[in-house]
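Okay, structure first, notes after.
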Amino acid sequence: MLNNNNCGNHLFGRYTSALVCVLITGVMFFAAFYVTSEAWHDCSGEDCPICAHIENYQSLLRTAGDGIAFAAAAALVCAIVSLTILHDPKVLSFSTPILWKTRMND
């Protein structure tokens, strides 16, 4: 018999992860928009708070960019491995005498 509480927890996890993804994407778009809109501001000198914000957001975008590149590379490797296994499921099996049904009467 299925437990209804488990299904509710599963949906809660899905909605939570979707919300987190939307929030992270929103922060990234806001950071990119802020950097581009304040790129030509009137700088007040060495201790300019806008320049400090721009540096922080650029660091955030650079770090996220590295993560996106790593995630894309990981997705590519997973896709290649999945397609290889779907094409020939015996790719991951090992060749042993038992699999070849060889008789060993020695």
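Where a number appears in this text, it was derived from the coordinates with a stated rule and is not lab data. As the structure is a prediction and not an experimental result, all values here were calculated from the model. Here the Cβ is made from the backbone with ideal geometry for all residues, glycine too, and neighbour counts use every protein chain on show.
Residues Tyr57, Tyr34, Tyr15 in ascending order of nearby Cβ atoms (within 10 Å, fewest first): Tyr15, Tyr34, Tyr57.
Ordering Met104, Met28 by the number of other Cβ atoms within 10 Å of each residue's own Cβ, fewest first, gives Met104, Met28.
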